[in-house]
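J.: Here's a structure for you.
The values are calculated or read from the model by the stated rules, or taken from the named source; none is laboratory data. All values derive from a computational prediction rather than experimental measurement. Methodologically, a virtual Cβ is constructed for each residue, glycine included, from the backbone with ideal geometry; neighbour enumeration extends over all protein chains shown. Ligands, DNA and RNA are stripped out before the accessible areas are found, and what is left, the full protein with its side chains, is counted by its heavy atoms. Shrake-Rupley method; radii C 1.70, N 1.55, O 1.52, S 1.80 Å.
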Amino acid sequence: MTLTEILPTLRRSIPTPLDRWRWPTHSEPTTTDVVVGGISLMRLFEISGSPAVLTGDLPIPGTGTDVTVLLFRITLRVDTQEDKRIALTDCSFDGVDAAWEECRLIGRASSAKTTSIELIPGEEGGVAWPHPVAVLPSDLREGDLLVVPCIGAVTLRNVRPRAVGAAALQVEASR
């Protein structure tokens, strides 16, 4: 347990530490961002939008294992009557081996307590279940940006939502 988990107000002045064995080499947290190899993930979002990916190497010498940081946006946030917290995202998680325990909010520092939030991919049709669950600030809201490290080289094609039904037919017809 970290100090920022015990006292969430510290998140405004002390960045929550990263598990260095899960993130790419040269990853550094700030209170509102993660910098990977000198590249700000907030700046990556400003340039390329969401979802976005940034691939690097795990800090395990001699393995050559890739790790990709997935950046995505919350499109809808709901608390159910059964006290379940749900967030819809603008990306797909199908086939992505993410370290959900390392998922973090960027773009703002939250002093709210953390809670388990189920992340539902932004796809039409049948999405894979069970959905991933991440421990995030309870004040997570629409428009917030999240980042999570994933094992392997993940491409945008892997994480862009796939449309099905009439929308997919329109896309195919336009090709």
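J.: All but one of (1) touching a Leu at 6+ places or on another chain (Cβ under 8 Å); (2) open to solvent by less than 70 Å² (accessible area, probe 1.4 Å) hold for ILE39, so report the exception by its number.
T.: For ILE39, the exception is condition (2).
J.: Can I ask one more? Taking the conditions exactly as written (at pLDDT 95 or above and touching a helix residue (DSSP H, G or I) at 6+ places or on another chain (Cβ under 8 Å)), does PRO149 satisfy them or not?
T.: yes
J.: Going residue by residue through region 6-14, is there one that turns out to be out of contact with any Asp or Glu (no Cβ under 6 Å at 6 or more places or on another chain), open to solvent by 30 Å² or more (accessible area, probe 1.4 Å), modelled with pLDDT of 95 or more and within 20 Å of VAL135 (Cα to Cα)?
T.: No, there is no match, as no residue in region 6-14 is out of contact with any Asp or Glu (no Cβ under 6 Å at 6 or more places or on another chain), open to solvent by 30 Å² or more (accessible area, probe 1.4 Å), modelled with pLDDT of 95 or more and within 20 Å of VAL135 (Cα to Cα).
J.: Anything in region 49-65 that is in a strand (DSSP E or B) and open to solvent by 60 Å² or more (accessible area, probe 1.4 Å)? List them, or say none.
T.: The answer is THR55, ASP57.
J.: Which of the residues that make up region 15-27 are surrounded by 15 or more Cβ atoms within 10 Å (Cβ to Cβ) and farther than 16 Å from LEU136 by Cβ?
T.: Residues satisfying the conditions are ARG22, TRP23, PRO24, SER27.
J.: Here's another thing I want to ask about it. Considering only region 70-87, I want to know if a residue exists there that is touching a Lys or Arg at 6+ places or on another chain (Cβ under 9 Å), modelled with pLDDT of 95 or more, open to solvent by less than 40 Å² (accessible area, probe 1.4 Å) and within 13 Å of VAL147 (Cβ to Cβ).
T.: yes
J.: Here's a follow-up. If a residue has to be on the phi > 0 side of the Ramachandran plot and either at pLDDT below 90 or in a helix (DSSP H, G or I) (or both) to count, how many in region 109-146 make the cut?
T.: Restricting attention to region 109-146, the residues satisfying the condition of being on the phi > 0 side of the Ramachandran plot are 125, 143.
Narrowing the set further to residues that are either at pLDDT below 90 or in a helix (DSSP H, G or I) (or both) leaves 125.
Here the count works out to 1.
J.: Here is a follow-up. Could you look through region 142-159, keep only residues that are among the hydrophobic types (A, V, I, L, M, F, W, C) and in contact with a Lys or Arg (Cβ under 8 Å, 6 or more places away or on another chain), and pick out the one that is surrounded by the fewest Cβ atoms within 10 Å (Cβ to Cβ)?
T.: Per the stated criteria, the residue is LEU145.
J.: Restricting to region 28-39, name every residue that is within 23 Å of THR9 (Cα to Cα) and touching a strand residue (DSSP E or B) at 6+ places or on another chain (Cβ under 8 Å).
T.: Hits for region 28-39 are GLU28, PRO29, THR32, ASP33, VAL34, VAL35.
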